[in-house]
Amino acid sequence: MPENFDEGCTLRSFRINHNQVEGPLPQSLGNCKDLKLLDVGNNYLNDTFPNWLQNLDRLQVLDLRSNRFYGNVDSSDVTISFTSLRVIDLSGNNFGGFLPTQLFENLHAIREGNEKKDKPEYMTDTLAGEEWNYAFDSYFTTKGLETKFEKLLTIWTAIDFSDNQFRGEIPKALGELHSLVVLNLSHNCLSGPIPSSFGDLLELESLDLSSNKLQGRIPTELKNLGFLEVLNLSHNNLEGPIPQGKQFDTFTNDSYIGNLGLCGLPLSKTCDTEKETADKLDKDDDGGLDWKFSILMGYGCGLVLGLSMGYIVFATGKPWWFIKIFERVRQKIAER
């Protein structure tokens, strides 16, 4: 790609997807302050993550998928803003390191809740007095399928970081992106639990966390996701019972295969509740035996102590207090 984007560039949409473009992404694109869509997907671009794009505060769609980008996305040296970004697709590259918490915290267009509109609004711009759809015929993977969008709604938001080398835990900050519709973090090396904060993603329709190393239980908070149509948690190290009810009643075995520790519907492996109940009863029985044993020990100790004290008193040869009481009682009986 040539380095020929001059100062004052008025480019609003730049799309060169599905070609054979090589080399790095030219930093001169940062001169195009009005850029709203950047789509360079499905090429042979070889570069680190373009942190310099943060200066494009109008950028709403960023598609870098299926290239040869590499390195970390989060950088302590650069403040990543992307406050207007609604769609970011980094899938199918060689990005690594931890997921970019700072980037997620600055996605204000996704963080803020969607306003209720009387009619649908699309990602459009006004050019030469006419409305122009800058996101027409865009391709994104949603709900497990690559989909062609004739138009993109302003309320359609997506984060796709799949097929990379990201590691570590999933940041809780992702659960604060309340307008997020599609989240795909599959085929990485992520570990740790699924954040319970995901239960706050009330607009979420598709969640794919498959083929990672996630551990722990499936948060019951995910039952709050009333619009969730696609859930894929397969091929992880999850364990425990699968939440029941609401949207979870619509998901099939495919959502959970490859997690040997999971149990409950729709899997054929039932949760061993009978064993848990038996263990609890055994524990209660043990507690009862301990209580009875303690009482018996108390009686035994009391008896031994009483006999010991009695022996000591009579062994002194002067149990006068006992003799006086006994004589007084016998005298009263004789008088009667």
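The values are calculated or read from the model by the stated rules, or taken from the named source; none is laboratory data. Quantities reported herein were computed from a predicted structural model and do not represent experimental measurements. Note that each Cβ is placed from the backbone with ideal geometry, even for glycine, and that neighbours are counted across all protein chains shown.
Being closer than 27 Å to T157 by Cα, hydrophobic (A, V, I, L, M, F, W, C) and not in a loop (DSSP other than H, G, I, E, B) is the requirement here; does F227 meet it?
On the way: closer than 27 Å to T157 by Cα: yes; hydrophobic (A, V, I, L, M, F, W, C): yes; not in a loop (DSSP other than H, G, I, E, B): no.
In short, no.
Of the residues making up segment 1-41, those that are assigned by TED's automatic domain parsing to the domain that holds R86 and out of contact with any Asp or Glu (no Cβ under 9 Å at 6 or more places or on another chain) are H18, N19, Q20, V21, E22, L29, G30, C32, L35.
Name the single residue that is nearest to L233 (Cα to Cα) among those in segment 183-198 being out of contact with any helix residue (DSSP H, G or I) (no Cβ under 9 Å at 6 or more places or on another chain) and without any contact (Cβ under 8 Å) to a residue 60 or more places away in the chain.
S186
Against the list (1) closer than 21 Å to W156 by Cα; (2) assigned to a loop (DSSP other than H, G, I, E, B); (3) among the small types (G, A, S), the condition S211 fails is (1).
Looking only at residues of segment 247-274 that are within 19 Å of the chain's Cα centre (by Cα) and in a helix (DSSP H, G or I), we find that the one that is surrounded by the most Cβ atoms within 10 Å (Cβ to Cβ) is S255.
Residue count for segment 151-180 under the criterion of being β-branched (V, I, T) and modelled with pLDDT under 95: the result is 3.
Criterion first (assigned to a loop (DSSP other than H, G, I, E, B), surrounded by fewer than 23 Cβ atoms within 10 Å (Cβ to Cβ), at pLDDT 90 or above and of a type in the set (G, A, S)) does G71 satisfy it?
Details: assigned to a loop (DSSP other than H, G, I, E, B): no; surrounded by fewer than 23 Cβ atoms within 10 Å (Cβ to Cβ): yes; at pLDDT 90 or above: yes; of a type in the set (G, A, S): yes.
Answer is no for this residue.
Which ones in segment 74-116 are at pLDDT below 95, aliphatic (A, V, I, L, M) and over 17 Å from I155 (Cα atoms)? Across segment 74-116, the qualifying residues are V78, I80, L103. For segment 16-55, taking the residues that are within 25 Å of L153 (Cβ to Cβ) and among the aliphatic types (A, V, I, L, M), the one that is surrounded by the most Cβ atoms within 10 Å (Cβ to Cβ) is identified as L35. Is at least one residue of segment 76-93 in a strand (DSSP E or B) and either surrounded by fewer than 16 Cβ atoms within 10 Å (Cβ to Cβ) or among the aromatic types (F, W, Y) (or both)? Within segment 76-93, not a single residue is in a strand (DSSP E or B) and either surrounded by fewer than 16 Cβ atoms within 10 Å (Cβ to Cβ) or among the aromatic types (F, W, Y) (or both). Tally up the residues in segment 199-211 that are surrounded by 23 or more Cβ atoms within 10 Å (Cβ to Cβ) and free of Cβ contacts under 8 Å to residues at least 60 places away in the same chain, please. Counting residues in segment 199-211 that are surrounded by 23 or more Cβ atoms within 10 Å (Cβ to Cβ) and free of Cβ contacts under 8 Å to residues at least 60 places away in the same chain gives 5.
For G240, the conditions (1) under 20 Å from the mean Cα position of the chain (by Cα); (2) surrounded by 14 or more Cβ atoms within 10 Å (Cβ to Cβ); (3) part of a loop (DSSP other than H, G, I, E, B) all hold with the exception of (3).
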